[in-house]
1. Quick one, can you get me the convex hull of the C-alpha atoms of the protein assembly as shown expressed as volume per residue in Å³?
2. Take each of the peptides A:218-230, A:100-112, average the number of other beta-carbon atoms within 10 Å over its residues, and list them starting from the highest.
3. What percent does the relative contact order of chain B come to when contacts are Cα pairs within less than 8 Å and at least six residues apart?
4. Tally Lys/Arg at +1 and Asp/Glu at -1 over every other residue whose Cβ is under 15 Å from the Cβ of B:Ala230; what's the total?
5. Order the peptides B:130-141, B:185-196 from the highest to the lowest mean number of other Cβ atoms within 10 Å of their residues.
6. How much length is gained on full extension from B:Ser92 to B:Arg5, taking 0.36 nm per residue of separation minus their Cα-Cα distance?
7. In peptide B:8-18, how many Cβ atoms from other protein chains are near each Cβ within 10 Å, on average?
8. If you line up the long axis of helix B:245-257 against the longest principal axis of chain B, both from Cα atoms, how many degrees apart are they, to the nearest 10?
Amino acid sequence: MAEEKFVKLSDISGDAVDLNIKVKILSLSSKDMETSKGKTTYHYGLIGDDTGVISYTAWSLPSTVREKDVYEIRRCYSKTYKDKVRVYFDQKTEFKFLTEDMEVKRNYRYYSIKDLNIKDKFVTVEGLVKDERIKEYEKDGEKRKIFQYMLKDQTGTIGVSSFGLQLKPGKAVRLEGARLDEFNGYYRLNISDKTGVEYITLNIGDEPDYVYIKDIKNPVGGIKVNGFVISMGDKAGLITRCRECKKRIDDIRCPDHPDLLPEYDVFAYFTLDDGTDYIQVNAGYDAIKSISGIEESYLKNQSRPPLKREVKDKLENALLHNAIYVKGNVRENTQGLNLRATEIGHIDKNALNEIRKIQEEEFI
Amino acid sequence: MNDKRREPARWIFSSELRECNNTITEGEGDYKREYFVTPGGSVGRRVLFCGKLMAKNEEGDMTKMTVADPTAAFYVTYFSKEFNQDVKNDISKVNVNDEIIVMGRTSYYRTEEGKMYVNINPESVRKIDEESSNYWISRTAFLLQRRLLAIREIRNNPEATMESLMGRGFTEDEATGAMESAKLYPSYDIQRLEEIALSVSVARPSGEAMKLKDDILAFIQKNTPIGGAAYDEIVREFKNRGVSNEDIDETLNVLGLDGEIFEAEKRKFRTT
């Protein structure tokens, strides 16, 4: 009888049948599905060997199969979907439990923060740990902690939630196998005990690099772009808010706090075009304060309240058809991606030199 | 083209638009759209450009403007209609010699000989500063260089596809434009456009730098003993005027390159 041939995961590159593999089950999850024959459950997760890690889907799985165990698996098959290979188990697939352990080579793909994509859920990223916040919660009667941070690299920032493990703010870190998800329109990374955390040396400038609007594909923070403001929203300008709840007031008074006089605020939304694409930008008063020259004293002057037309003119003069840079956070909403500005300024000589340098580097 | 998205404004030099003699159409009836296709691979029906307003003539309800960028001139024609009075207001605020930005739709006129002229119907016109103008020039040159690279890829490999171009890092827009250009202008010499992109992407001296250049030249002319004006003397004089060493060195280099001065002795300069 011919010797059975086992293939390594790194050698599985496309559609193949009757594969024999020796792997460790790294994760095992299940999902219910409605079919014409009724409700059915399938399993999915990650398997690994000493050459790499691959996702699997099990249409059929013996109930004895457990996470972290090692198996010889015979007669499985692979398929390529959206350039990614996946291994499938079905009723023909045989599992043989092995008592040995297996060293698994993790191969989470490395991403710059701006290039993170929710289609790749487990990733490797590097960046500077900033802005620690600690929250306590109770689970099963036990007090636990979530540590929250911002992780910053040269291309952007992203929120990080760590369950149990406290990171060191001010230090650069490499996170291997961090889980990416989306919350409230923003991407976020999650660290668990399976995530590799290694402190490293990184040179990250205070300022993020400029990115082209064409390259903004996902909702991450700390992005810096440049371009011309090609149009401004009709409703941009002077608005009123409730002093108490800060909600925008479209009527004369806040319905929840009708006794309080409203306060004035400024809001702008516009389209920024950098020649590669365009994006909608929202900006509150803090972001537009310095570029518009609208002082707080002007907004708070009760003896001469601000005028809508005056504010609109100031905003248009500062923004419309000017070359500006915008720093901010990209958020996904029902209309797609938009940029919430945290800082806006005109393109000056220094900014122009920086932009030229980035452009020139592409042709070197 | 994605109908749900706003028609993008193409950043394009006048010399590239003037070379254009092909359009493609999409849709039918009321939805028929005519897009220009330039030899440099730009496809669109809306443009955004900056330049100096060289002429502005009003004739009844029509205003004609000529706007020169560093490569040639755009022709802009505005027809006053009820719905575009804000543009009329924009135009009234700009004057000849102002540096302006224009965004507008393109329309086409073809002569009996087959030559095509592109006119721009402005949607917005506004005066801008020098940095904004330089930013537009620099970015437009960069975008042109990228599109020309994509066209070179196709010419070097006629089997190239949209997918292979995008696989090499070109955007869908760039790949589409390059494919259309390669199809419609198979024998166009793109070297001309490459030279334009290269020449304008070199930083233009600012108004301030031009003044410094004149001042340093005048100083060297006035203070030229035998052997020439010493570098240290020039630095001392202009540092007193608040000019940095870097700006002085850069200006001396520019004067040398322009042939306005030469180094008569080591670190001593004379005018030519």
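The values are calculated or read from the model by the stated rules, or taken from the named source; none is laboratory data. This one's a predicted model, so the numbers in the text were calculated from it and none came from an experiment. Cβ: placed from backbone, ideal geometry, glycine included. Neighbour counts: every protein chain shown. All accessible areas refer to the heavy atoms of the entire protein, side chains included, with ligands and DNA or RNA removed. Shrake-Rupley method; radii C 1.70, N 1.55, O 1.52, S 1.80 Å.
1. 299 Å³
2. A:218-230, A:100-112
3. Details: 443 pairs, mean separation 42.0, N = 272.
This gives 15 percent for chain B.
4. +1
5. B:130-141, B:185-196
6. On the way: separation 87, 0.36 × 87 = 31.32 nm, distance 3.07 nm.
This chain segment gains 28.2 nm when fully extended.
7. Mean shielding count: 2.
8. Long axis of B:245-257 versus the principal axis of chain B: about 80 degrees.
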